[in-house]
Amino acid sequence: MGLFKRKKSRQEKIMDSDIAGADNTDLGVDTPTDSAYEESPTDVLSTLGDMPITEHLIELRRHLIKICVAVLVIFLALAGFSRELYNLLSDPLVAQLPANSTMIATDITSNFMAPIRLTVFVAAFLAMPYILYQIWSFVAPGLYKKEKRIAIPVLLSSIILFYAGVAFSYFIVLKGVLKFFIMFAPQNVLPMTDIDSYLSFALKLFMVFGLTFEIPVVTLLLILTGIVSIHSLEDKRRYIIVGCFAVAAVVTPPDGVSMLMLAIPMWLLFELGLLLAKILIKEEQTPVLSTTNKE
């Protein structure tokens, strides 16, 4: 029968400890109160480690449901404006097309599915702060106080940088890339882009630049966690620059304009993350040096 004993949940353990504390009080045994005892980070992590995997999965499911509900609510609010959203997305392309050219739909479902796909992306894009907040709520109980102080600015900067990357790709990169491709079209070819293929092209471009603008955050985290050092990154700077151009050549369309527009910001964002890491590490070392000099 011992094999079929159910593992006690966290709430049952707390109730058992309360009952044991009450019994000790009745017997005249002193027990530590909440004011005299504070749970250390090690105790928090051990408590989380004692939780069965099913409780973690249930908690994760609860946060995922909230994320899906938030995206669904925003999607339903924007569904009536799906055509206007696609018109806004296609304006850079329509402005570059010749006078007798227009966008086409090669599939009968594209007229409906392309705006809906774009609306789903916009809903997830607008819900990104709430999505990251739910992820933070799930991860935060297992973090130390120092890690929480670092994580909150990282989350906020990640949201801002992702939005900045998408805005940069829409207002600057997309126009330049479209102009480049249409300018090199043969004279006997009339450019007529399919709305579904254009949507896939634009969304891929947005995601690439949105994730690329997270490079300062990634660089800062790698240095603060001790995975790499500032000195090693400075020594390998030439290889990192070559890697930026190599990655840009792979993930961008086959043209030099988009490759340069991605590779150069990647390099500059890496330098920004390196500079921020130097500033933070210098600020952490300054109080230590001051206390050492006083002693």
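The values are calculated or read from the model by the stated rules, or taken from the named source; none is laboratory data. Since we're looking at a predicted model, the values are computed, not measured. Cβ sites come from the backbone with ideal geometry, for glycine too, and all protein chains shown count toward neighbours. The accessibility values were calculated without ligands, DNA or RNA, using every heavy atom of the protein model including side chains. Shrake-Rupley method; radii C 1.70, N 1.55, O 1.52, S 1.80 Å.
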Q: Among what's in the range 200-227 and is under 19 Å from LEU268 (Cα atoms) and outside any helix (DSSP H, G or I), pick the residue that is farthest from the chain's Cα centre (by Cα).
A: PHE213
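Listed here are the residues, each with its yes/no results for (1) charged (D, E, K, R); (2) out of contact with any Cys (no Cβ under 7 Å at 6 or more places or on another chain); (3) under 30 Å from ILE108 (Cα atoms).
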| position | (1), (2), (3) |
| --- | --- |
| PHE138 | no, yes, no |
| LYS148 | yes, yes, no |
| PHE180 | no, yes, yes |
| PHE184 | no, yes, yes |
| GLN187 | no, yes, yes |
Q: Give me a count of the residues in the range 229-247 that are basic (Lys, Arg), in a helix (DSSP H, G or I) and either surrounded by 12 or more Cβ atoms within 10 Å (Cβ to Cβ) or in contact (Cβ under 8 Å) with a residue 40 or more places away in the chain (or both).
A: 1
**Q.** Considering residues of the range 164-174 that are farther than 14 Å from LEU269 by Cβ and not hydroxyl-bearing (Ser, Thr, Tyr) only, the residue surrounded by the fewest Cβ atoms within 10 Å (Cβ to Cβ)
**A.** PHE171
Q: Filter the range 175-199 for residues that are free of Cβ contacts under 8 Å to residues at least 24 places away in the same chain and either open to solvent by 80 Å² or more (accessible area, probe 1.4 Å) or touching a Phe, Trp or Tyr at 6+ places or on another chain (Cβ under 6 Å) (or both) and give the result.
A: MET183, PHE184, GLN187, ASN188
(Q) Just the residues that are surrounded by fewer than 18 Cβ atoms within 10 Å (Cβ to Cβ) and closer than 17 Å to ASN87 by Cβ, please, taken from the range 202-211. (A) LEU203
(Q) Looking at PHE112, PHE75, PHE81, can you tell me which residue is aromatic (Phe, Trp, Tyr), under 23 Å from ALA167 (Cα atoms) and open to solvent by 60 Å² or more (accessible area, probe 1.4 Å)? (A) PHE81
